[in-house]
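*Asks:* This is the structure, below, for whatever I ask next.
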Amino acid sequence: MTAKNTTSEQHIISCYMDDVLSNETTPQSVYAFAKRHNFEESEFYQFFNGFEHLQEEIFATFGRKTIEMIQQSQDYEAYKTQQKLLSFYFTFFELLTANRSYVMAQLKGNSDKLSALKALGALRRVFVNFIERLGLVNIDFKSDQLNNLRDEGVSESVWVQLLIILKFWMEDRSKGFEKTDIFIEKSIKAQFDLIDSARSEEHTSELQS
């Protein structure tokens, strides 16, 4: 007979984040972690396959929560693509700021840069999916192969941009992280200037053909 669940995914996440912040380290084992918080080890594995998976899901949750929050706005569907992306960035970094101690402990406090980047793997999938649904670039190269490369290139460049802004935010010492807000606005503007330039070149090429 399977024991009935006495905990939830969100409860495990909350307990884990609290442990990391209180003890300044990852729990030594799932068994000790579960025992400390009064639930069965087997319950942990119903949601996560280990602490690395849990770490990934926490950052992915930040991304999913951001999308959920911005889409709740009555004006969201009327936003232009650039506004939707800006809305994502500002809301995302507000969530990170509310959990800054945890984010810093997991990313800046991790001497293994590869492990720190791996913790963002699930967030990357959430973010790239969001970018693809925005239809950020609609330049038609008249080739499925080239259009696929275009889509992958855009998704990757925007993901790298998010990582750059994340690093800037982690090092930002300005009041209310106002320098990060300015950096976001400038980064997005520069990106859309490039997109507008590419669209203009496509239009010129079509007129000349």
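Any read-out appearing in this document is the output of simple, stated calculations on the displayed coordinates, not a laboratory observation. Treat the numbers as computed from the prediction; the structure is a model and nothing was measured. Positions of Cβ are backbone-derived with ideal geometry, glycine not excepted, and every protein chain shown enters the neighbour counts.
*Asks:* Between Gln72 and Lys167, what is the label-to-label distance in nm when each label sits 7 Å out along the Cα-to-Cβ direction?
*Replies:* According to this spin-label approximation, the distance is 3.3 nm.
*Asks:* Among all the lysines, which ones have a C-alpha under 17 Å from Lys108's C-alpha, if same-chain residues fewer than 8 places away are not counted?
*Replies:* Once the sequence-local lysines are set aside, what remains near Lys108 is Lys118, Lys167.
*Asks:* Sort 9-20, 30-41 by packing, meaning the average of other beta carbons within 10 Å per residue, with the highest value first.
*Replies:* 9-20, 30-41
*Asks:* Can you tell me how the range 1-56 classifies by the Cα gyration tensor, rounded, prolate or oblate, using a/c under 1.5 as the rounded cut?
*Replies:* Cα axes put the range 1-56 in the prolate bin.
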